[in-house]
Amino acid sequence: MIDLRSDTVTKPSEAMRRAMAEADVGDDVYGEDPTANRLRAVVAERLGKEDALFVPSGVMGNQILLNALTSPSDEVICERHAHIFHYESGTPAAFSGIQLYPVEGKRGVITPEQVEPMIRPESAYYMPRTRVVAVENTHNRAGGGVWTLDEIAALGKLCAQRGLYYHLDGARIWNAATATGATPAEIASEFDTVSACFSKGLGAPVGSAIAGDKAVIAEAFRVRKAMGGGMRQIGVLAAAALHALENNVDRLAEDHERARRLADALANLDGAELVYDETPTNIVLFRTPGVDTTTAIERCRERGLLISHGTVDSLRLVAHLDVGDEEIGEAISILEELFGESS
């Protein structure tokens with residue numbers, strides 16, 4: 001099978017497995033795991049923040065930080081297709097007692113002009129209190145869409161003016177940096193808090209990091225425990241994340257190029273249409289007019305290609321480090337067979 005469902009399906013390389021097996025470990029709940037502590041320092045430096053913390057998943061990372069930044073009955077403004085709105089199991093309400101206020105963006109990007117009218121008046125005691133504006137970069141449901149530094153800064157200026165926290169769901173921040181040429185620290189600089197994945201694109205078997213100032217990460221440490229994330233000898237997982245950061249970031253450009261190959265092929269098929277004309281990172285969204293998404297997924301599976309649902313009416317292909325040029329060529333042949341010869 002050629003698996004293009006997600007960049008989370010990768011398997012640890014032999015070198016990564018060796019790093020995990022040889023990791024120096026201790027009890028992280030006591031702050032005594034040396035490998036986890038080294039990861040905290042490396043991530044904080046790369047993201048330009050005072051401190052960082054390893055967490056089991058991107059969902060937990062986002063939800064820890066939203067909890068740390070809010071009180072029950074507060075509100076978080078986000079883009080309508082944001083991961084925290086669609087794919088995090090209603091946890092803002094369930095765990096933190098907060099609600100999300102979605103704003104329709106353009107390929108995942110929301111502007112100060114859109115957000116400012118959504119900020120609740122401080123005098124309106126009968127309304128929820130706006131506390132956080134959350135941004136996703138790259139944006140999953142927007143086909144790997146990327147924010148520019150100017151777009152980030154403009155919304156950050158509004159947050160600063162209105163006294164709001166600014167949170168970055170940077171699950172694929174490494175892809176955003178590759179696509180824009182900016183460093184992760186430059187992308188994260190406007191934000192109070194950041195989450196970043198090691199298991200999306202970088203090949204680690206599990207894990208994310210969250211970063212911010214020392215005070216918010218101290219609170220995040222407490223919330224992580226409350227959410228069941230107080231793991232012990234996590235150096236074996238932190239070692240995989242360190243290996244991923246040291247070896248698998250620079251090669252992300254290869255995934256972006258392979259995603260563009262897939263998009264270019266789909267653009268020339270009579271039975272397929274791209275959701276977006278541009279493919280800036282590693283995600284491709286497309287539709288198959290006349291063939292429902294479930295049927296299309298099953299037909300691809302029967303021929304040895306695994307793909308996934310994108311949005312309600314679209315399909316998704318994601319390039320990653322376990323799929324090389326040869327497999328991409330085979331995937332294109334399958335797509336051509338199923339959805340029409342090249343025009």
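The values are calculated or read from the model by the stated rules, or taken from the named source; none is laboratory data. None of these values were measured; they are calculated from a predicted model. Neighbour counts are summed over all protein chains in view; Cβ atoms, including those assigned to glycine, are modelled from backbone coordinates with ideal geometry.
Yes/no matrix, rows are residues, columns are (1) over 14 Å from residue 64 (Cβ atoms); (2) in the same structural domain as residue 32 (by TED's automatic domain parsing); (3) within 13 Å of the chain's Cα centre (by Cα):
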{"site": "161", "(1), (2), (3)": "yes, yes, no"}
{"site": "165", "(1), (2), (3)": "no, yes, no"}
{"site": "179", "(1), (2), (3)": "yes, yes, no"}
{"site": "183", "(1), (2), (3)": "yes, yes, no"}
{"site": "195", "(1), (2), (3)": "no, yes, yes"}
{"site": "201", "(1), (2), (3)": "yes, yes, yes"}
{"site": "225", "(1), (2), (3)": "no, yes, no"}
{"site": "230", "(1), (2), (3)": "no, yes, no"}
Checking the structure you have, find out if any residue of segment 283-305 is within 30 Å of residue 67 (Cβ to Cβ), buried (at least 21 other Cβ atoms within 10 Å of the Cβ) and at pLDDT 95 or above.
yes
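Residue 198: closer than 30 Å to residue 287 by Cα, buried (at least 18 other Cβ atoms within 10 Å of the Cβ), of a type in the set (Phe, Trp, Tyr) and in contact (Cβ under 8 Å) with a residue 40 or more places away in the chain, yes or no?
For residue 198, the condition - closer than 30 Å to residue 287 by Cα, buried (at least 18 other Cβ atoms within 10 Å of the Cβ), of a type in the set (Phe, Trp, Tyr) and in contact (Cβ under 8 Å) with a residue 40 or more places away in the chain - is met.
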Return only the number of the condition from (1) closer than 21 Å to residue 145 by Cα; (2) surrounded by fewer than 20 Cβ atoms within 10 Å (Cβ to Cβ) that residue 272 does not satisfy.
(2)
Test result for residue 19, outside any loop (DSSP other than H, G, I, E, B) and more than 19 Å from residue 230 (Cβ to Cβ)
yes
Scan segment 1-15 for residues that are more than 23 Å from residue 143 (Cα to Cα) and surrounded by 17 or more Cβ atoms within 10 Å (Cβ to Cβ) and jot them down.
12, 13
Check whether at least one residue in segment 221-230 is modelled with pLDDT of 95 or more, closer than 22 Å to residue 183 by Cα and of a type in the set (Val, Ile, Thr), and report yes or no.
no
Subset of segment 136-160, residues among the aliphatic types (A, V, I, L, M) and touching a residue at least 60 places away in the same chain (Cβ under 8 Å), comes to 142, 146
Return the residues of segment 302-328 that are outside any loop (DSSP other than H, G, I, E, B) and either touching a residue at least 60 places away in the same chain (Cβ under 8 Å) or in the same structural domain as residue 142 (by TED's automatic domain parsing) (or both); say none if nothing qualifies.
305, 306, 308, 316, 317, 318, 325, 327, 328
For segment 21-43, the count of residues that are hydrophobic (A, V, I, L, M, F, W, C), surrounded by fewer than 21 Cβ atoms within 10 Å (Cβ to Cβ) and closer than 25 Å to residue 171 by Cα equals 3
